[in-house]
Amino acid sequence: MAAANLSNIKADVPYGTLDLLILKTLDTLGPLHGYRIARRIEQVAENLLRLNQGSIYPALMRLEQQGWIRTEWGVSETKRKVKVYSLTRAGAKQLGIEVANWERATALVARFLEAKA
């Protein structure tokens, strides 16, 4: 496939990376509501990823149940009542673990891609 065509493809988030992306987004930008988290991830990914409610909200619920994020009610830019998510101390620790796991996994894949017969 030509490189010019790749910019028109939007992929789903690679399996196992959404938690990392959410935690990093909250660590970088501070408290946000779910829609803003999803849009920020897409923005940083230069719109090469797509996130929908069916993926972002279950992930946010799972992260909250694990104690890595917390929620409180707030008001959006459009004056709507929204849940605002923020990183907990445990979430900041987990972010470090997730980053280390990601770096190990990508290093492993890189070794296979660079391997010669």
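Please treat every number below as a calculation from the coordinates, not as lab data. Fair warning: this is a prediction, and the values are worked out from it, not measured in the lab. Cβ coordinates were reconstructed from backbone atoms using ideal geometry, including for glycine residues, and neighbour counts include every protein chain displayed.
What is the fewest-to-most order of Glu77, Glu42 by other Cβ atoms lying within 10 Å of their Cβ?
Glu77, Glu42
By counting other Cβ atoms within 10 Å of each Cβ, how are Leu20, Leu60 ranked from fewest to most?
Fewest-to-most Cβ neighbours within 10 Å comes out as Leu20, Leu60.
Quote to one decimal, in nm, the extra length available between Glu64 and Asn101 on full extension: 0.36 nm per residue of separation minus the C-alpha distance between them.
Working it through step by step, the gained length comes to 11.3 nm.
Kirkwood Rh over alpha-carbon pairs of the stretch 72-117, then Stokes-Einstein at 4 °C and 1.567 mPa s: what D in µm² s⁻¹, rounded to an integer?
It diffuses with D of about 93 µm²/s by this estimate.
Just tell me, in residue order, which DSSP H segments of the chain are both 20 angstrom or longer along the helix axis (alpha-carbon based) and at least -0.5 in mean Kyte-Doolittle hydropathy.
89-114
Any idea what diffusion coefficient the stretch 9-114 gets from Stokes-Einstein, in µm²/s, Kirkwood Rh on alpha carbon pairs, 20 °C, 1.002 mPa s?
148 µm²/s
Compute the FRET efficiency between Arg111 and Leu48 as 1/(1 + (r/R0)^6), taking r as their Cβ-Cβ distance and R0 = 25 Å, and round to the nearest 0.05.
Once rounded, the FRET efficiency stands at 0.50.
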